[in-house]
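Colleague: Dropping the structure in here first, questions after.
The values are calculated or read from the model by the stated rules, or taken from the named source; none is laboratory data. Please read all numbers here as calculations on a predicted model, not as lab measurements. No Cβ is skipped: glycine too gets one built from the backbone with ideal geometry, and neighbour counts run over all protein chains shown.
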């Protein structure tokens, strides 16, 4: 019998979270394509945390809000549970902040950045 290529993760099991370079932001990579940089992850942001600066991505970004209120004040967007957000490649956006503790699914169809900004650097295992 051949080995299955299917995979299942428990998103709330407390493992696999990495702190990012900005206070209160964490990422849990669920899937990543090493050939083109595409990925699917859970993005957790504590109340008051977020992305501190305007920035762009090197691919299209998609987010689905599972929990909380995630605010993009410059564009007056507030993601709440059940909302889907699409940000096209090279579109300047941010900063952001969490009005409440947030949990979002984040998907990129290619590499995240041309050059990774300090706030997005993975800082290692987090609780």
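Colleague: Among the strands (runs of 3 or more DSSP E) lying completely within the range 1-102, list those that include at least 3 residues that are surrounded by fewer than 17 Cβ atoms within 10 Å (Cβ to Cβ), at pLDDT below 95 and touching a strand residue (DSSP E or B) at 6+ places or on another chain (Cβ under 8 Å).
Modeller: Of the strands (runs of 3 or more DSSP E) lying wholly inside the range 1-102, those with at least 3 residues that are surrounded by fewer than 17 Cβ atoms within 10 Å (Cβ to Cβ), at pLDDT below 95 and touching a strand residue (DSSP E or B) at 6+ places or on another chain (Cβ under 8 Å) span 25-32.
Colleague: For the range 103-125, how many residues are more than 15 Å from the chain's Cα centre (by Cα) and part of a loop (DSSP other than H, G, I, E, B)?
Modeller: Residues flagged as more than 15 Å from the chain's Cα centre (by Cα) and part of a loop (DSSP other than H, G, I, E, B) within the range 103-125 amount to 2.
Colleague: Checking the structure you have, find out if any residue of the range 92-105 is out of contact with any helix residue (DSSP H, G or I) (no Cβ under 8 Å at 6 or more places or on another chain), free of Cβ contacts under 8 Å to residues at least 12 places away in the same chain and farther than 19 Å from residue 17 by Cα.
Modeller: Looking through the range 92-105, none of the residues is out of contact with any helix residue (DSSP H, G or I) (no Cβ under 8 Å at 6 or more places or on another chain), free of Cβ contacts under 8 Å to residues at least 12 places away in the same chain and farther than 19 Å from residue 17 by Cα.
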